[in-house]
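The structure under discussion appears below in the form of structure tokens.
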Amino acid sequence: RQQRKLSRKKKGSHNWYKQLLKVQKLYRRIKNIKKDIKRKGILSILRTNPQFITIENLNIKGMMRNKRLANSFQQIGLGYIVEWLKIKCRDYGIELRQVDRFYPSSRICSDCGHTQPMPLNQRTYHCNHCGMMKDRDINASINLKQATDYTVIV
Ligand SMILES: [Zn+2]
């Protein structure tokens, strides 16, 4: 609404500058709120006192080429999350592991190790081999936890 108000004012006028300041302050506030949410989310993970945290080396640049994904990643600010996680793991002395982006965390059954294709729209992992059923992201998280091939980055 404030942005629309700005566009209705005469560019360069006193009121335009006043409104511009208002818009800029608002954007800064939104940015800070987002940052705060990310920091609190990371903190709540660290407070569970994990032995280690494993993340995937996601191909962010590659995903940015996919327009739909790029937009949601930009919205989330994934880069900031990873950077903050590194800083905090260092502070708390928690090992931060990174698995290669080619590690098929989504396609492996976390129960039996079987691998099957998992298109993005499939939200539940239903193993063709052992019948295990888990939420797609939970299954992938367990696989990351169990990963043995990783680089310690912090
Ligand atoms: Zn299975």
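No disulfide-compatible partner, judged by a Cβ distance under 4.7 Å, exists for the following cysteines of the chain: C89. Kindly express, to the nearest 10 degrees and within the range 0 to 90, the angle between helix 78-92's C-alpha long axis and the longest C-alpha principal axis of the chain. In the chain, helix 78-92 runs at an angle near 70 degrees to the longest axis.
Work out, step by step, the length gained on full extension between I81 and R107: first 0.36 nm times the residue separation, then minus their alpha carbon distance; give nm to one decimal. Intermediate values should be presented prior to the final figure.
Values: separation 26, 0.36 × 26 = 9.36 nm, distance 2.43 nm.
Answer, rounded to one decimal: 6.9 nm.
Label sites at Q74 and Q122, each approximated as a point 7 angstrom past Cα along Cα to Cβ, lie 3.1 nm apart. Counting only Cβ charges, +1 for Lys and Arg and -1 for Asp and Glu, the dipole size of region 1-48 around its Cα centre is about 220 debye.
Let me have the relative contact order for the chain, percent, based on Cα pairs under 8 Å that are six or more residues apart.
Numbers: 145 pairs, mean separation 32.4, N = 154.
Reported as a whole number, the value is 21 percent.
Overall, the chain carries a charge dipole of about 2060 debye about its Cα centre when +1 sits on the Cβ of Lys and Arg and -1 on the Cβ of Asp and Glu, all other atoms neutral.
I'd like the carbon and sulfur percentage of the solvent accessible area for region 1-48, probe radius 1.4 Å, heavy atoms only, ligands and nucleic acids excluded. Roughly 54 percent, rounded to a whole number. GNM remark for the chain: springs join alpha carbons under 10 Å apart, and the peak mean-square fluctuation among L21, L58, L96 falls on L21.
Can you work out D for the chain in µm² s⁻¹ from Stokes-Einstein, where Rh is the Kirkwood radius over C-alpha pairs, the temperature is 10 °C and the viscosity is 1.306 mPa s? Answer from the Stokes-Einstein relation: 85 µm²/s. Between the residues W16, M133, S105, the greatest Cα displacement towards the positive end of the dipole of the chain, with unit charges on the Cβ of Lys, Arg, Asp and Glu, is found for W16.
The values are calculated or read from the model by the stated rules, or taken from the named source; none is laboratory data. Values in this document were obtained by computation on a predicted structure and should not be read as measured data. No Cβ is skipped: glycine too gets one built from the backbone with ideal geometry, and neighbour counts run over all protein chains shown. Heavy atoms of the whole protein, side chains included, go into the accessibility calculation; ligands, DNA and RNA do not. Shrake-Rupley method; radii C 1.70, N 1.55, O 1.52, S 1.80 Å.
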